[in-house]
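See below for the structure under consideration.
The values are calculated or read from the model by the stated rules, or taken from the named source; none is laboratory data. If you're wondering where the values come from, they're calculated on a predicted model, not measured in any experiment. No Cβ is skipped: glycine too gets one built from the backbone with ideal geometry, and neighbour counts run over all protein chains shown.
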Amino acid sequence: MKFNFIFILFNITLLLFFAALGLLPYFTLGPSFSVSFWRMNWPFILIWVLLFSAFNTFYFINRKLFLLLEREDWPALVRYLENKVIMQGRYSPRLVRLLANSYLVLSDSAAVMSLENKVAIAKPDLVDANTLVFGTARILGNDISGALRFFKIRKDKVKNGQKEWVRWYYGFTLLLDRQFEEALKEFSLLSRTSRDGAVTALSSYFLFKNLLFVTLEKKREYRESSSSGKSMALKALPNIKAWRRETARLSAEIHGAVISKYLEDAGNWLYREE
């Protein structure tokens, strides 16, 4: 992403808007009335100045961060963020999440766990807010039992925005831990109740692929749940293009990138007749 280009473009847009706003009274009301107009409507100028100043201040304060992100220089970005977060104690949601994601890009799960311990002391709420990041780090580090405990504790605590994904990851770690009946119970529930098309599709797919691990009675129940979930997923994402847009969006998030292969497999299963 070209942050400098975005910065320049936004500044040009603001300046053109201000110029148009300033000239409009002159040409519509005439020179004699334009001064009176702006005396009466000076708050508009103040708002514009505040917006312009805030945007430019934010950019220049974070210019080095944007530059490192643009270069995708992950080791340098990690050092920069460690200084901000750990050394200076700036445990802001944005910086913590970015540092954790940067560690994961470098496949450093141990560093994510170390960061989590520091965040738990400084700002415990940020651990829950980043459940998917810290939980997937455990999976990538092959700490399946730790991931299972982590997701189990938080599956009913997290906010609605990530609750369904946390529950799906709880089911996924149960599956990795070979607790098949418990895993499929979670997937069955999500396939019937989830409002997220990707979660519904993945849950239905994992139900379908793992039916052989449950009893005959459960097979019938879970096969129906899988079929029902597949129908609901197809309503939410009616064609392969819609699925690819959704999975492309998810792939920008660590919890989506980690399961990219399963997303691809679920898409093939969902649209195999297309």
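General observations
- Residues located in the range 120-163, provided they are touching a Lys or Arg at 6+ places or on another chain (Cβ under 6 Å), within 21 Å of A198 (Cα to Cα) and in a helix (DSSP H, G or I): T131
- Just one of the listed residues (E217, E181) is at pLDDT 90 or above, of a type in the set (D, E) and outside any loop (DSSP other than H, G, I, E, B), namely E181.
- Residues of the range 249-274 satisfying the condition of being in a helix (DSSP H, G or I), under 17 Å from Y169 (Cα atoms) and either touching a Cys at 6+ places or on another chain (Cβ under 8 Å) or among the hydrophobic types (A, V, I, L, M, F, W, C) (or both): L250, I254, A257, L263, A266
- One residue from V166, V199 being under 17 Å from D265 (Cβ atoms), of a type in the set (V, I, T), assigned to a helix (DSSP H, G or I) and within 25 Å of the chain's Cα centre (by Cα): V199
- Against the test of being of a type in the set (A, V, I, L, M, F, W, C), modelled with pLDDT of 75 or more and farther than 29 Å from V258 by Cα, the options V78, V49, V96 yield a single qualifying residue, V49.
- Answer from R178, R195 - the residue that is of a type outside the set (D, E), exposed (fewer than 14 other Cβ atoms within 10 Å of the Cβ) and closer than 15 Å to K209 by Cβ: R178
- Some residue of the range 210-225 being surrounded by 17 or more Cβ atoms within 10 Å (Cβ to Cβ), under 22 Å from T247 (Cα atoms) and not acidic (D, E): no
- Taking the criterion of being under 19 Å from S107 (Cβ atoms) and either in contact with a strand residue (DSSP E or B) (Cβ under 7 Å, 6 or more places away or on another chain) or surrounded by 14 or more Cβ atoms within 10 Å (Cβ to Cβ) (or both), the residues of the range 41-72 that qualify are L68, L69.
- Tabulated pairs, the range 258-272, first touching a residue at least 24 places away in the same chain (Cβ under 8 Å), second in a helix (DSSP H, G or I) and β-branched (V, I, T), C-beta under 8 angstrom, 6+ apart or interchain: V258/T136; V258/I139; L263/T247; G267/I240; G267/T247; Y271/I240
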